[in-house]
Each structure stands twice: as structure tokens, then as C-alpha cells.
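These notes are about the structure you will find just below.
The values are calculated or read from the model by the stated rules, or taken from the named source; none is laboratory data. Just so we're clear, the structure is a prediction, and the values are computed from it rather than from any experiment. Neighbour counts are summed over all protein chains in view; Cβ atoms, including those assigned to glycine, are modelled from backbone coordinates with ideal geometry. SASA here: full protein model, heavy atoms, side chains in, ligands and nucleic acids out. Shrake-Rupley method; radii C 1.70, N 1.55, O 1.52, S 1.80 Å.
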Amino acid sequence: MNYISTRGNEQILTSAQAIIAGIANDGGLFVPTELPQIDLDFIAGLTELSYQERAAKVLAKFLTDYTEIEIKECVNRAYGGQKFDADDIAPVSSFDAEHVLELWHGPTSAFKDMALQLLPQLMSTALKKTGEKNDIVILVATSGDTGKAALEGFKDVDQIRIIVFYPETGVSKIQRLQMVTQEGGNVSVVAVNGNFDDAQTGVKNIFGDRAFNEKLQAHGVQLSSANSINWGRLVPQIVYYFSSYADLLKKNKIKLGEKINFCVPTGNFGNILAGYYAMNMGLPINKLICASNANNVLTDFLQSGIYNKNRDFYKTITPSMDILISSNLERLLYHISGGKTAQIAAWMRDLAQKGSYDVGPDYLAQIQNVFWATWTDDQKTQAKIQAIYKDKQYVVDTHTAVAWQAADDYKTVTGDTAQTVIVSTASPYKFNASVLTALGVDVTGLDEFALLDALAAYNAAMVPAPLAALRTAPVLHSTVCATEEMEHIVEKTIL
Ligand SMILES: *Cc1c(COP(=O)(O)O)cnc(C)c1O
């Protein structure tokens, strides 16, 4: 299987090459040239397997240039050992017709771990397979969660270094602690004087500085990124759609072939797009429900066919969904349009120049066959957290509550009674202040550790060990720099 750009340049790459490259050189995203097909026997065969074994089977359909052994080793390094605090990695908790797929049992307590534990292994193996001699240096600008998940994934991986820049004043205390205590011989963490945009602009400038990149090349170093448009971050996410279906089958919650819904709290459209790939491979999915917060650009798009980012930006209690440009939507447009790359390039030009594009009624109808969308504001999200706790003594984080509310709304509007999987993207401990407030607790004056303890009184699941350990972990990274100094820091770190 090969990979090509959504915008139609001449590149035709293997998956290993696409994972090293990250983004196509015309600015497009890499997509598989065909979608592998599975049958119901394939799904039935997953039920008795471990998550790692299920992952190996699904990944092999896409990473056809990796050997079976290479895939196995990558998967075992990503999900084996003690990195996840649940044996089945992505367990499903069931409540009547609702099932919660918990994607937050990894080292940073959020769903980014599902992909960022595996991407570094796929990338390191890709370097070996393709005979690439250069070292890769991953640069990340983070508003919090992605930086930590990337550090955990890339730490001590062969032939790769990682440098994470975070805004000195723009992350929570716990997020800062998670990063400045990071262990690993190949990691650097640097605070930038400024906000997230300053850090991100700084990283973009480094990627765009040709002379600097040539200088690095001469020293055998190539810059790369770990952001969510890399195919190596998308493909690991397809696995848990299959895995959760197999779990429901195994628990006799559904019959083989029965169609179910998935409801996904969505930001960059990466998670839910993985569900779209699973569905098109043959996983029996009825609807993919796209749940947004007040930044409801995707709700409007999926209802009208018009994507318009010209609107107010809101800071919400679901910060991982505070996004106005959902990059991975480009991949959906490619597949829906049957690979009309010139059309995609034109829409993306419109988005860059005018801030909007319109896919028209025919494509919209196709999209609506698969997707249903709605959004939830902060107040309803908090009410939902409280209602779920009262009903089920189960504590969900804010992002999961947005999805759960959307699943309810979907049922009310459509009358559909199919079994529904709510995709849960963060541990409630990660967004402890908002969750406690929703539960009616006054959080004024509580520091991060007091918040964790306070939430533990409500939550059957204990405080995740890596978060608890932050209390006493030594600070290993204390560099602070101005935006203009970032390139110099990169140079000093690697040359
Ligand atoms: C990243 C993230 C999301 C959004 O996922 P996308 O793939 O960007 O749509 C939702 N919830 C949490 C907690 C996240 O970290």
C-alpha cells in the first residue's frame, strides 16, 4: 500500500517514508491509496486477543512495508511493560446501552498517549528500514498535553531527540510539573517567554529557516514534528475502534455484525477520522457522532457543508477541543470526494485566504450519511458530569461529558437506539478543578495536589501514579528563553 498527498503532488511513498516525512511537500496530508477491507471473521478473531495483538493485526493492513516482527516489536514497546495502568490498555466500561471507551490509561492520563506511544516506535523503525542515517530532532510547541505525551513517547528512542517548548505562563501547574520533571537522555524542555502562539510561531520559524536546516543537514540532523497530521499518529487510533467492538462482542453486548455508534469529543478531527477509516474497512458502524464545545465550527460544517473559521474563539473547560482549524478534515474530504486532489487544494486555498470553503450539497449528503454533529456549552457539560455521577457513581472528565451529552442529544433527535460507544479522552484527574466544580465542590485555595486528593474522594479509580509522583519528582529542566532565542537553543542542544 502506498501513500499520496491529499493535494495531488507527485510523491508516492511507503508508510515508513510517509511517517518520517510527516507532511507532504505541497502542504497536503498523506493518505493511503486504497482502504484495506476486512470481513466479520477478522473481527470475531480479535475477541480473544490482547490489545497488542489486536493492534498488530489492524496495523498490518496499513503498514504493508513493515514486517510482522517489526510491527509486533513496535506495538509491544508502545503498549507493553507498565506504561498503561490497565491490562487491556483501552478498556470499555458499560452502562446499559452506553459504553465508555477509556483512552486515558497511559502515562499522561489522556488519549494522546494512544498514538504518541506508538508513533516514535514506528518512526525509529522507519529510519532503520529506509537506511536513513540522519538523526531526527522532533520540535514541539505545546499548550500542555501534547508536549508531555510526546516526551513520554520519544524518551530514549533510538536516533531521535525531542525538544519541547511551552509558554512559561500558558500551562497549568500540573502540566508544567509533568514536563520539567521529564526523564530521558534525549529530551529537552524549554519555557518560552510568551504565550502558546509565540512558542508555536517560534517553532514554525525554525522549520522555515532554510539556511538553518541546511546547516543541521550538514551535521546529519533533520527536523521533524509529532503533530496530529502525521500518518503515524492517525493509524494507531484506528485500532481502538476495532478493539472496543471486539470487547462488546466478547461481553455479549452486541452480536457479530450489529451496527453501533461512536460518539467522539472532537478538536483536530484526528480521533473521529480514525473511526471513519475503521468503518470504511468494514467495521459495522452506524453513525459517527461528532461532539464539539462552543467552538462549534465542525457542528456547523457537518450540518451545512460550509466550513467557516471566521468566528469568535472561546476558552472553554474542554481546552483540548478549543480549535478553529481541524486539520484532519482534509483527509475526510479526500476520501469523500474520491480523491479529487485539485478540488481539495482549492478548498484549502480558500480556507487560508478567506477563512472558509463550501463543499456543496452532494458531498454534504455523503458526509451526513456517516456523521452526525452537535455541540454543548460549559454549563451543560458541568451538569452532565454531575448527572452521570449521581446516576452511575462514575466520574468523567469534561471532554467525555461533552461527548456523552451529544450522544443523548443524538438519541433524542433521531430515535436511534443502537448501542453507543462514548469515546472518553481524558482521566477526570487531568481536569480536576472543572470536574470538582461540576460535582459541587468549592475549589478556591486548593493547589493541584489538594485537587487530586479531593477528587479521589469521589472517584473509584485512584489518582494515576505518574500524577501522584509529581509531588516529589525532581525538576530536571529549568531553561527559559525569549522567542528569538529558540533557534539558538535548538542549535546548542543538538550540535
Ligand atoms: C486532543 C484531544 C481531543 C481532540 O482530539 P482530536 O483528535 O484533535 O479531534 C479531545 N479530548 C482530549 C482530552 C484531547 O487531548
* Scanning for something within 16 Å of the ligand (Cβ to nearest atom), open to solvent by 10 Å² or more (accessible area, probe 1.4 Å) and of a type in the set (F, W, Y), does the stretch 271-290 turn up at least one residue? -> yes
* Residues located in the stretch 111-135, provided they are hydrophobic (A, V, I, L, M, F, W, C) and either within 29 Å of Y410 (Cβ to Cβ) or surrounded by 24 or more Cβ atoms within 10 Å (Cβ to Cβ) (or both) -> F111, M114, A115, L116, L118, L119, L122, M123, A126
* To do: Scan the stretch 185-233 residue by residue and report those that are surrounded by fewer than 15 Cβ atoms within 10 Å (Cβ to Cβ) and small (G, A, S).
  => G185, G208, A211, A218, G220
* Among F313, F301, which is the only one that is more than 13 Å from the ligand (Cβ to nearest atom) and at pLDDT below 95? -> F313
* To do: Restricting attention to the stretch 98-110, report how many residues are near the ligand (Cβ under 10 Å from one of its atoms), at pLDDT 95 or above and either surrounded by fewer than 24 Cβ atoms within 10 Å (Cβ to Cβ) or over 13 Å from V463 (Cα atoms) (or both).
  => 1
* Residue that is farthest from L329 (Cα to Cα), among those in the stretch 255-270 that are among the hydrophobic types (A, V, I, L, M, F, W, C) and either within 16 Å of the ligand (Cβ to nearest atom) or open to solvent by 10 Å² or more (accessible area, probe 1.4 Å) (or both) -> L256
* Output the residues belonging to the stretch 351-377 that are open to solvent by less than 50 Å² (accessible area, probe 1.4 Å) and of a type outside the set (A, V, I, L, M, F, W, C). => G355, S356, Y357, G360, Y363, T374, T376
* Since L333 meets every condition but one in (1) away from the ligand (no atom under 13 Å from the Cβ); (2) within 21 Å of the chain's Cα centre (by Cα); (3) free of Cβ contacts under 8 Å to residues at least 60 places away in the same chain, which condition does it not meet? -> (3)
* Asked: Looking at the stretch 25-41, which of its residues are crowded, with 22+ Cβ neighbours inside 10 Å and in a loop (DSSP other than H, G, I, E, B)?
  -> G28, L29
* **Exclusive hit being open to solvent by 10 Å² or more (accessible area, probe 1.4 Å) and within 17 Å of I285 (Cα to Cα), set A44, A56, A60** => A44
* Would you please list the contacts, defined by Cβ atoms under 7 Å and residues six or more apart or on different chains, that run from a residue in the stretch 348-363 that is farther than 18 Å from R311 by Cα to a residue that is open to solvent by less than 30 Å² (accessible area, probe 1.4 Å) and not in a helix (DSSP H, G or I)? => V359/G305; G360/G305; P361/G305; Y363/G305; Y363/S337
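Residue check: is T417 exposed (fewer than 15 other Cβ atoms within 10 Å of the Cβ) and either within 18 Å of H99 (Cβ to Cβ) or within 15 Å of the ligand (Cβ to nearest atom) (or both)?
yes
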* Within the stretch 423-439, which residues are within 11 Å of the ligand (Cβ to nearest atom) and open to solvent by 10 Å² or more (accessible area, probe 1.4 Å)? -> T425, K430, F431
* For I69, all conditions in the list (1) outside any loop (DSSP other than H, G, I, E, B); (2) more than 30 Å from I254 (Cα to Cα); (3) under 21 Å from the mean Cα position of the chain (by Cα) hold save one; what is the number of the exception? -> (3)
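Before we move on, is A141 within 16 Å of the ligand (Cβ to nearest atom) and touching a strand residue (DSSP E or B) at 6+ places or on another chain (Cβ under 8 Å)? First the steps, then the outcome.
On the way: within 16 Å of the ligand (Cβ to nearest atom): yes; touching a strand residue (DSSP E or B) at 6+ places or on another chain (Cβ under 8 Å): yes.
Spelling it out, A141 is indeed within 16 Å of the ligand (Cβ to nearest atom) and touching a strand residue (DSSP E or B) at 6+ places or on another chain (Cβ under 8 Å).
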* Output the residue which, of all residues in the stretch 201-232 that are within 16 Å of the ligand (Cβ to nearest atom) and hydroxyl-bearing (S, T, Y), is nearest to the chain's Cα centre (by Cα). => S228
* To do: Working only within the stretch 474-495, note down all residues that are closer than 23 Å to A218 by Cβ, open to solvent by 30 Å² or more (accessible area, probe 1.4 Å) and either part of a loop (DSSP other than H, G, I, E, B) or not polar (S, T, N, Q) (or both).
  => E485, E487, H488, E491, K492, I494, L495
* Would you check which residues across the stretch 413-471 are among the acidic types (D, E), modelled with pLDDT of 95 or more and not in a loop (DSSP other than H, G, I, E, B) and list them? => D453
